[in-house]
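The values are calculated or read from the model by the stated rules, or taken from the named source; none is laboratory data. If you're wondering where the values come from, they're calculated on a predicted model, not measured in any experiment. Cβ atoms come from the backbone with ideal geometry, glycine included; neighbour counts cover every protein chain shown. Just so you know, the surface numbers come from the protein's heavy atoms only, side chains and all, with ligands and any DNA or RNA stripped out. Shrake-Rupley method; radii C 1.70, N 1.55, O 1.52, S 1.80 Å.
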Amino acid sequence: MRAITLARKSSNLQGEDTITAQSSKTREYCKNKGFSLEEADEHLLTESSTKGNRDKFNDIISEIKRSKEKIIFVVETIDRLQRSFKETIELDGIRKEGKLELHFLRENLIINEYSNSADLLRWDMGVMFARSYVLQLSDNVKRSIKQRFNEGRILNKAPIGYKNVTDEKTSKKSVIIDEERAAIIKHVFEDYATGNYSLAEIEKKYKDMLKGTEEGKPIRRNYFHTILQNPFYAGLQIYKHPAGKVELKEHIYPPLISLELFKQCQYVMKKINSCHDTPIKYQSKPFAFRGLIKCACCGATMSVDIKKGKYYYIFCNNAKKGKCDNKEYVKQEIVLEQMSDILKEIEINDTVFEEVRKFLENRRNQNIKDRNAEVHKLRRDFNKKQLEIDNLMASLTEAQSKNSMLAVNAIIDSVEKKQKEKEELNYKLQNCNENDDKINLSIATVFKLAKDAHQLFGISNCEQKRQILNFVCSNFNMKEKHIDFIYKKPFDMIKKGQIDGVYSETRIRT
């Protein structure tokens, strides 16, 4: 009887030993069974079972369909043949026609047109567990990507202007600046930020200086658009959550440009796009309160104007149009002084800060001890659950051999329940006490800022001033020369002298 064999690995990242071992077992099996196996009937595939169309696998199925005689299809284990049920439909159809007999060596399972319900159920169970492995692997990959993002490490290939490198001694991968291209990328951002260049003009100026791929192909206009929108150059990295939420966070690699320059380019791009790619003249205005203050009279966002190239004034644009009575032009220095006083009012002294710091440090040490004990318990329970599943699978094989469908169904239900319990334990293991670290971090950040905010505000640039103010306060309104605002929690409590209340809350959570 004619046989064909399948040995598969998912990608070239797996060694050749993977396929060699499978092929050796299937070839020996065919020899012992007396099956006719030609060299052309040994299929050695490098193909994912979950991605793409599985072209090579589909070629084998077509070959089986064309055959005029019954084919013995030998595979080491079910997950080498399939990791989802979509292949089952087609394979099962050929099986029912009497043209296919599946032999799974590891499972000691033969499936043909005469197979009973127990054997077919074992096949389905094997596919289910193979699919479960893929899903868990996917979860682990997502968790790994999120972990890399939280640690500030790069998620994908480094953008042009950087290089991916691997340490020869430690084999650790990292990212460094490509000095030659980095200088050109900086000029791209600086030129575009002036508002005097369209993307077409940027392409014309820099396309011969940059090579977008290893093959040396020049970068096209859409690539420049991608570069100018990539916050990685400004020290930030994008993470897209599975649910669709987008998160930005600082990465650990040196930025090529400032965040202020990057935001300037986004502003220019928005203006240019609204004008159908027509260049605009735009003068950069490093104003700390742009878009931050509302007019107390009409609710419009206050505008900024520059006199003599260096004097900044805040005003309501509606007043110029006769739509608002708030006609006062206020010097930026007056607003800066008021903002500085706002931050001064939430200062805490060194004694209180040191007490909080020591408390958080002690709490962190205790959390580490508690976490280690919890991790040990979870790992013990996880291993115990896996042992229970292994024992149930052994019982399943015995029940199937006795054709006891009642026992088979009961065992399958138990296995599914144990699998869910194991996944829950694994999730808890991955996220053990994560929330405590977040609480400690947020409390420490609040008190650190309350201690140093006034001093930091005085030495910060415009963008940093905006970040400090946005973190501490909200609802800025101006009428004439006076700023009204609201302290965000817990800074409102610190302002009222309720520091002990904030500190006591941290104790209660312990």
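A few points about this structure:
- Placed amide H near residue 294: partners under 5 Å, 5+ positions off or other chain: 302, 476, 477, 478
- A cut-off under 11 angstrom between Cβ atoms defines the neighbours of residue 298, and their net charge, with Lys, Arg +1 and Asp, Glu -1, is +3.
- Taking the range 42-176 and dividing mean pair separation by its residue count, relative contact order in percent (alpha carbons under 8 Å, at least six apart): 17 percent
- Per-residue SASA remark: residue 388, around 50 Å² accessible (1.4 Å probe; ligands, DNA and RNA not included).
- For the range 1-160, the solvent-accessible area of protein heavy atoms averages 53 Å² per residue (probe radius 1.4 Å; ligands and nucleic acids excluded).
- Near residue 20, once Lys and Arg are set to +1 and Asp and Glu to -1 for all other residues with Cβ below 13 Å from its Cβ, the sum equals -1.
- Assigned charges on the beta-carbon of Lys, Arg, Asp, Glu; the range 13-69 dipole about Cα centre (debye): 280 debye
- Peptide packing: for 391-404, 226-239, the average count of neighbouring Cβ atoms within 10 Å per residue gives the ranking 226-239, 391-404, highest mean first.
- Order of exposure, largest accessible area first, which applies to 425, 37 with probe 1.4 Å: 37, 425
- 10 Å beta-carbon shell around residue 241, net charge (K/R +1, D/E -1): +3
- Low-density loop cleavage sites - GluC sites (Glu not before Pro) in the range 19-81, where at most 11 other Cβ are within 10 Å (DSSP): 38, 69
- Note on residue 380: accessible area is roughly 130 Å² with a 1.4 Å probe, heavy atoms of protein only.
- Electrostatic dipole magnitude of the range 24-150 [Cβ: Lys, Arg +1; Asp, Glu -1; Cα centre; debye, to 20]: 620 debye
- Of the listed residues 145, 71, the order by accessible area with a 1.4 Å probe, largest first, is 145, 71.
- When 371, 106, 148 are compared by accessible surface with a 1.4 Å probe, the order from highest to lowest is 106, 148, 371.
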